[in-house]
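S.K.: Let me give you the structure first, and then I'll get to my questions.
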Ligand SMILES: [Zn+2]
């Protein structure tokens with residue numbers, strides 16, 4: 001079995017890319033990387049929820065990290081919004097995640113209120 005490591009299949013060891021020149025192989029990898037980036041950005045969903053406790057926000061961040069690694073985005077300035085007032089006031093906060101169901105699952109787990117995206 002060949003060990004060149006050239007494969008597009010994570011489980012395979014070598015495939016048709018074995019026959020390419022170094023340059024062609026590099027180009028192929030780059031094109032693939034761009035396609036992956038594109039499909040990731042297209043399939044991101046911005047979900048909104050009402051949160052009134054900064055500790056809950058931290059917990060949700062931990063869940064997102066666990067589920068999606070670096071492939072998610074959170075809103076800026078949330079900590080300030082949730083801690084600036086001496087009384088708890090619910091804030092609508094968004095997360096950008098690959099899976100829309102994140103919102104309903106988080107809402108159930110942490111008793112926060114999911115909010116419909118503005119304009120929908
Ligand atoms: Zn090979």
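What follows is calculated from the coordinates using simple rules that are stated; it is not laboratory data. Owing to the predicted nature of the structure, the values given are computational and were not obtained by experimental measurement. We place every Cβ from the backbone using ideal geometry, glycine too, and count neighbours over all the protein chains shown.
S.K.: Mind pulling the per residue volume of the convex hull built on the Cα atoms of the chain? Å³ is fine.
M.R.: Hull volume over Cα atoms, normalised by residue count, gives 145 Å³.
S.K.: Right, here's the next one. If you average the C-alpha positions of region 33-62 and of region 68-108 separately, how far apart do those two centres end up, in angstrom?
M.R.: The distance from the Cα centre of region 33-62 to that of region 68-108 comes to 8 Å.
S.K.: Subtracting the Cα-Cα distance from 0.36 nm times the residue separation, let me have the gained length for residue 100 to residue 4 in nm, one decimal.
M.R.: Stretched out fully, the residue 100 to residue 4 stretch lengthens by 30.6 nm.
S.K.: Moving on to the next point. Which parts of region 71-87 would a label at residue 53 reach, counting a residue when its backbone N lies under 19 Å from a point 7 Å out along Cα-to-Cβ?
M.R.: 78-87
S.K.: Taking the 0 to 90 degree range and rounding to the nearest ten, how far is the long axis of helix 54-68 tilted relative to the main principal axis of the chain, both from C-alpha atoms?
M.R.: 20 degrees
S.K.: Something else about it: What span do the alpha-carbon atoms of region 1-42 cover on each of the three principal axes, reported in whole Å from largest to smallest?
M.R.: Principal axes ranked by extent give 38, 23, 11 Å for the Cα atoms.
S.K.: OK, next. Once the principal axes of the Cα atoms of region 44-115 are found, what is the range along each, listed largest first in whole angstroms?
M.R.: 34, 22, 17
S.K.: At 0.36 nm per residue, and after removing the present C-alpha to C-alpha distance, how many nm does the segment from residue 71 to residue 34 gain when stretched out fully?
M.R.: Here the segment from residue 71 to residue 34 would lengthen by 11.8 nm.
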